[in-house]
Every structure is written in structure tokens, then in C-alpha cells.
Amino acid sequence: MSQLNIRINKEDRAIISLIAKNKGISVAELVRSVLMKEILADKVNILLNLVAEGKLSRKKAFQLSGLTYHEFLNEWTKRNIEEVIPEEAWNRGLELALNLDSTSFLKKNR
């Protein structure tokens with residue numbers, strides 16, 4: 001967890017305090033929730049762009065997004081993004097698949 005400090009004038013502080021009091025939450029909770037709502041769209045855009053560029057995995061982007069899995073998949077689908085998988089990973093996956101001994105997965109007769 002990290003802390004962010006900002007300076008605001010007295011009038012804005014008084015208004016924010018009244019809004020927070022009416023909502024039954026602290027000033028810090030109010031400011032945090034408003035800030036997070038404001039930056040959520042930009043955050044998701046940045047994360048999905050990083051996935052499209054191959055700089056971040058889809059799983060990590062989901063974890064950082066703050067969205068539910070359903071919301072994340074909706075955004076993913078809307079943008080028609082394809083995850084960039086490094087060639088080494090493809091080759092390793094192919095090697096594992098070709099060398100897989102599938103007999104251990106077969107149903108055994110009793």
C-alpha cells in the first residue's frame with residue numbers, strides 16, 4: 001500500500017468533507033473512490049494495449065485491472081485483442097504436446 005498526498009483549498013476541502021459525511025464515509029475513502037473511478041478506463045486501456053504489444057500477459061492485465069473476470073473479458077472482446085505469445089513459448093508448448101505420453105490419461109479396464 002502506498003500513500004498519495006494532494007493539496008486543495010479550504011473551500012474544496014469543506015465541500016469534500018460534507019459530501020463524505022453525507023455518504024457516511026471518510027474523506028480519504030471518498031477521494032480514493034472518485035479517483036479510482038476516474039482512472040479505471042485509462043488503466044484498462046493501458047493494460048490492454050500492453051497485452052496487445054506483448055509486454056504484459058493477459059492474466060497479469062486482468063489481475064491489475066480491478067475488473068471482475070466477466071468485465072475484463074467483455075473489454076477484451078470489444079477490442080478484439082490478440083495476446084502476443086513469444087515464439088519460445090509456442091515452441092516449448094509444441095514440444096511438450098508432441099512428447100506427451102497420453103496413455104496415462106486413458107481409462108483403465110477393471
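The values are calculated or read from the model by the stated rules, or taken from the named source; none is laboratory data. Since this is a predicted model, take the numbers as computed values, not measurements. All Cβ positions, glycine included, derive from the backbone under ideal geometry; neighbour counts span all protein chains shown. Note: areas computed on protein heavy atoms with side chains; ligands, DNA, RNA excluded. Shrake-Rupley method; radii C 1.70, N 1.55, O 1.52, S 1.80 Å.
Considering all alpha-carbon pairs of the chain, what whole percent are spaced by more than 25 angstrom? Kindly include the intermediate steps, with their values, before the conclusion.
Working: 3206 of 5995 pairs.
Tail of the P(r) past 25 Å holds 53 percent of the pairs.
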How big is the gap, in Å, between the Cα center of the range 92-106 and the Cα center of the range 7-51? 50
Under a point spin-label approximation (7 Å from Cα along Cα-to-Cβ), what is the L18-W90 distance to one decimal in nm? 6.1
Just how many pairs of Lys in the chain have C-alpha atoms closer than 22 Å, counting pairs that are eight or more places apart or on different chains? 14
Per residue, in Å², the accessible surface of the chain once ligands and nucleic acids are set aside, probe 1.4 Å: 89
Crossing angle, helix 27-52 versus the chain [Cα axis fit, 0-90 degrees, rounded to tens]: 30
On the formula 1/(1 + (r/R0)^6), with r taken between the Cβ atoms of A28 and E53 and R0 of 35 Å, the FRET efficiency rounded to 0.05 is 0.50
When you count, for each residue, the other Cβ atoms within 10 Å and take the mean per peptide, how do 76-84, 49-57 rank with the highest first? 49-57, 76-84
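Could you tell me what percent of the accessible area of the chain is made up of carbon and sulfur, with a 1.4 Å probe and every protein chain present?
Values: 5470 of 9810 Å².
About 56 percent, which is the carbon plus sulfur part of the accessible surface.
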Run the helix sum for the chain: -39,500 (n - 2.57) per DSSP H stretch of 4+ residues, divided by residue count, reported at 222 nm to the nearest 500 deg cm²/dmol. -21000 deg cm²/dmol
